[in-house]
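In what follows, a single structure is set out as structure tokens and then discussed.
The values are calculated or read from the model by the stated rules, or taken from the named source; none is laboratory data. The model shown is predicted, which means the values in this text are computed figures rather than measured ones. Neighbour counts run over all protein chains shown; Cβ positions are idealised from the backbone, glycine included. The protein model used for the area step is the full one, side chains on, heavy atoms only, and it has no ligands, DNA or RNA in it. Shrake-Rupley method; radii C 1.70, N 1.55, O 1.52, S 1.80 Å.
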Amino acid sequence: DSGVTQTPKHLITATGQRVTLRCSPRSGDLSVYWYQQSLDQGLQFLIQYYNGEERAKGNILERFSAQQFPDLHSELNLSSLELGDSALYFCASSVSLPASTGNTIYFGEGSWLTVV
Amino acid sequence: AQSVSQHNHHVILSEAASLELGCNYSYGGTVNLFWYVQYPGQHLQLLLKYFSGDPLVKGIKGFEAEFIKSKFSFNLRKPSVQWSDTAEYFCAVTSNRDDKIIFGKGTRLHILP
């Protein structure tokens, strides 16, 4: 158990719908990261927050958005869902920023999203 | 552009064989390097990491990796693999130039019993 909690574990929804994925980082971790893992694209970095502020953005679609709340949990919102959005969405957390010496990123178990 | 390349997408070995998985990166600045493992149905777990010092890094479960700066490489090795090493392995890089963590596409390792 990494200490990173993601809900829901599995989600099936229809095209055009909107879903919210939730992540609780490890106790004390200030950074939260979101990744999308699919068979054809591998592990894609979406977005990163540090202590409530967006720090880095990767290949995140405009239909997707995220935020980190004052209690440090984070939510990833996916809207106007398409079949191609079906994937495993990982949240990860770390104590500080990625480049900080000694920083390790811990991953949650992921949220499986199936769009039908 | 920043990138991480894992050239072996799928590797099949017999138990007790030696393993080397390649990882090359294209990244400016001072880099930090990681190898993560994802066992079937599980989340990513850290195998080992390099930040500074000895370029030969030892991790869990008998894995090690060597950072060769001149070759922009961080290859993962294990002298004798076990069936339980069947998993997907990801190389990742961070840099002091930004806050991104970039992963390679992963290498699926299948160990034959």
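Assorted remarks:
- Where trypsin sites (Lys or Arg not before Pro) fall in DSSP loop in region B:1-100, at most 15 other Cβ within 10 Å: B:ARG97
- FRET E, pair B:SER5, A:SER79, Förster distance 35 Å, beta-carbon r, rounded to 0.05: 0.60
- Chain pair B, A: total accessible area buried, heavy atoms, 1.4 Å probe, Å²: 1900
- Long pairs among B:LYS71/B:LYS105; B:LYS49/B:LYS100; B:LYS49/B:LYS71, criterion Cα-Cα beyond 23 Å: none
- Potential extension, A:VAL95-A:ASN51 segment - 0.36 nm per residue separation minus Cα distance: 14.8 nm
- Rolling a 1.4 Å probe over the protein heavy atoms of chain B, with every protein chain left in place, gives an accessible area that is 53 percent carbon and sulfur.
- Net charge contributed by nearby residues that have their C-beta within less than 14 Å of B:ARG77 (K/R +1, D/E -1): -1
- FRET efficiency, 1/(1 + (r/R0)^6) with R0 35 Å, evaluated for A:SER86 and A:SER27 via beta carbons: 0.65
- Among the residues of region B:80-113, those with an accessible-area drop of 40 Å² or more from chain alone to full protein complex, heavy atoms and 1.4 Å probe, are B:ASP99, B:LYS100, B:ILE101, B:PHE103, B:LYS105.
- Per-residue HN-Hα couplings for region B:56-64 [Karplus 6.51, -1.76, 1.60; θ = phi - 60°; Hz; x = Gly/Pro]: 9, 10, 9, x, 7, 6, x, 7, 8
- Electrostatic tally near B:THR86: other residues with Cβ closer than 13 Å to its Cβ, Lys and Arg +1, Asp and Glu -1, net 0.
- For region B:18-35, Karplus couplings with θ = phi - 60° (6.51, -1.76, 1.60), whole Hz, Gly/Pro x: 8, 10, 9, 10, x, 9, 10, 10, 10, 7, x, x, 7, 9, 10, 10, 9, 10
- Neighbourhood net charge (12 Å Cβ-Cβ; Lys/Arg +1, Asp/Glu -1) for A:GLY84: -2
- For region A:1-40, the list of trypsin sites (Lys or Arg not before Pro) that fall in a loop by DSSP and count at most 14 other C-beta atoms within 10 angstrom reads A:LYS9, A:ARG18.
- Within the accessible area of chain A (1.4 Å probe), percent carbon and sulfur: 48
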